[in-house]
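Below: one structure, written as structure tokens.
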Amino acid sequence: MRNIIDVTNESIGRATDLRYGPDGLNIIVATNRRSSIAAAEDVAAAYGSGTAMPLAGVPIAVKDNIATLDMPTTCASRILAGYTSPYEATAITRLRSSGAVIVAKTNMDEFAMGSSTESSAYGPTRNPIDPERAPGGSSGGSAAAVAAGIVNIALGSETGGSVRQPAAFCGVVGVKPTYGRVSRFGLVAFGSSLDQIGVCARSVREAELATYVMSGLDPLDATSADVTVPPLPDMTGSARPESLKGLTVGIPTEYFPDSLEPDVRAKCDSAIDKMRELGASIVNVSLPHTALAIPVYYIIAPAEASSNLARFDGVRFGPRAASAADLRTMYDATRSKGFGAEVQRRILIGTYVLSHGYYDAYYRKAQAVRELISRDFTNVFGSGVDILFTPTTPTPAFKLGAVTDPYEMYMSDIFTVTANLAGIPAISLPIGRVRGLPVGGQLLAKHFDEPRMFRAAEALEAALGEGAHQ
Ligand code: GLN
């Protein structure tokens, strides 16, 4: 095993490399060499004295909305400029106890609202595959950190596709666990009934390992689930195409609309062929309420966000607008200056759909439709389907600045927000390239069926081999 301190130093070296800072791809927003090296020394000592550590010395980058003690947590927002949390996320504590070393915080859309990392107060991240293009979002910095080789594992967060969509755009693996699988304690809340910490990684197995290490009941998060954590994957065996015999893979017609880019469809078709060759039986299925997912998401997520973001008013967190006549004026000035345009839009939508007179028409109706979307999944999984396969996004990465209409931006999550609304686990993995740009394929499973999801993903990944990046 290579020296843990050297591995940490090399990763910090990459994280602090000017190419990845504000004048380059703008992937990394904070590092703390001293505390990362100190952590690596502790891990080296514990490991040396025989403590079992599944992630001993593995460098990890963390999205800037997950609380860390030794680096700021700003959600890429001016309203949290310079803010460092007095406590650490449970997911981070668990990674550290497993030997992981946190080396950097990554860029993101402000408060995780966006699909391109362009709404960051630090400016956009560039996609390492093609710097003219967006890395996706909101965990664009985490996906890019893996794609650029800064780390093999990076944490992101999902409210509506924010790990899987950037993973697809950057050609890496992206996982959203079942809602409740990973504690949300220390993840800055956006839409609390949807939020979940997820993982970007170079391989399915690394993503699986990091997910399970973070998983399990946490008394600090009342929505974390008391469900047994599956055994950690064996990291020493070499990846072999496993048989998918006995597995029924459903292909939902709604995820393959006529408008889907033919090249993206072709890559999906080859991935489906591979799964068939591996022994899976492929069946067509229908999730009839899919088209309602984006409208429903854009009522529920902003409603919850408008409540969650009320705490950022200049009193407890971050900078306060100077010299205001009274408290109300101070709130207004702090929030108007501190929040960017997209965050303000969400707060306005959210307070509108929750307001007296509109609550029933929008919020309550959206909750009912969310239930229908959930039931679509329950029905197909109840009919003998084990796993669903879909494209992760309708198109590969778009150019920075190319999508200016908020509605068009929202539509890039059309295939991913359904899993968040239903709370089921999902993974995106690279399935090939179109015009040199990565295309992601998505596998969805029933609640807490991550083991089957990872097994299918790993078999597909191995069967695609180099083809996943060509
Ligand atoms: N792009 C979606 C949004 O802007 C999803 C964000 C997320 O998952 N954090 O809300």
Subject >> Condition met for Gly174 (out of contact with any Gly (no Cβ under 6 Å at 6 or more places or on another chain), more than 23 Å from Pro22 (Cα to Cα) and open to solvent by less than 10 Å² (accessible area, probe 1.4 Å)) >> reply: yes
**OP:** Could you name every one of the strands (runs of 3 or more DSSP E) located completely within the stretch 17-115 that has at least 3 residues being open to solvent by 10 Å² or more (accessible area, probe 1.4 Å)?
**Re:** 28-30
Subject >> Subset of the stretch 267-302 [out of contact with any strand residue (DSSP E or B) (no Cβ under 8 Å at 6 or more places or on another chain), open to solvent by 20 Å² or more (accessible area, probe 1.4 Å) and assigned to a helix (DSSP H, G or I)] >> reply: Asp269, Asp273, Lys274, Glu277, Ala291, Leu292, Pro295, Tyr298, Ile299
Subject >> Val403 being modelled with pLDDT of 95 or more and within 15 Å of the ligand (Cβ to nearest atom) >> reply: yes
Original post:
Which of (1) surrounded by fewer than 18 Cβ atoms within 10 Å (Cβ to Cβ); (2) touching a helix residue (DSSP H, G or I) at 6+ places or on another chain (Cβ under 9 Å) does Asn379 not meet, given it meets every other one?
Top reply: (2)
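Collect the residues in the stretch 239-256 that are part of a loop (DSSP other than H, G, I, E, B) and free of Cβ contacts under 8 Å to residues at least 60 places away in the same chain, keeping them in residue-number order.
If we filter the stretch 239-256 for residues that are part of a loop (DSSP other than H, G, I, E, B), which is where we start, we get 239-247, 256.
The answer is Lys245, Gly246.
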Original post:
In the stretch 142-181, what count of residues is obtained for those that are away from the ligand (no atom under 11 Å from the Cβ) and in a helix (DSSP H, G or I)?
Top reply: 10
Subject >> Flag for Pro86 being modelled with pLDDT of 95 or more and in contact with a strand residue (DSSP E or B) (Cβ under 8 Å, 6 or more places away or on another chain) >> reply: no
**OP:** Could you tell me which of the residues Ala456, Ala397, Ala426, Ala419 is out of contact with any helix residue (DSSP H, G or I) (no Cβ under 6 Å at 6 or more places or on another chain), within 16 Å of the ligand (Cβ to nearest atom), open to solvent by less than 10 Å² (accessible area, probe 1.4 Å) and modelled with pLDDT of 95 or more?
**Re:** Ala419
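Do the conditions hold for Ser336, that is, is it open to solvent by less than 40 Å² (accessible area, probe 1.4 Å) and either farther than 30 Å from Asp130 by Cβ or within 13 Å of the ligand (Cβ to nearest atom) (or both)? Walk me through it before giving the result.
Numbers: open to solvent by less than 40 Å² (accessible area, probe 1.4 Å): no; either farther than 30 Å from Asp130 by Cβ or within 13 Å of the ligand (Cβ to nearest atom) (or both): yes.
Answer is no for this residue.
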**OP:** Might you let me know whether the stretch 217-238 holds any residue that is away from the ligand (no atom under 12 Å from the Cβ), of a type in the set (A, V, I, L, M, F, W, C), modelled with pLDDT of 95 or more and part of a helix (DSSP H, G or I)?
**Re:** no
Subject >> Residues being of a type in the set (Val, Ile, Thr) and surrounded by fewer than 21 Cβ atoms within 10 Å (Cβ to Cβ) - total across the stretch 2-11 >> reply: 2
Original post:
Failed condition for Ala324, given (1) among the hydrophobic types (A, V, I, L, M, F, W, C); (2) part of a loop (DSSP other than H, G, I, E, B); (3) open to solvent by less than 20 Å² (accessible area, probe 1.4 Å), with all others met?
Top reply: (3)
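The values are calculated or read from the model by the stated rules, or taken from the named source; none is laboratory data. What you see is a predicted model; the values in this text were computed from it and never measured. Neighbour counts are summed over all protein chains in view; Cβ atoms, including those assigned to glycine, are modelled from backbone coordinates with ideal geometry. Please note that ligands, DNA and RNA were not included when accessible areas were found on the heavy atoms of the full protein model with its side chains. Shrake-Rupley method; radii C 1.70, N 1.55, O 1.52, S 1.80 Å.
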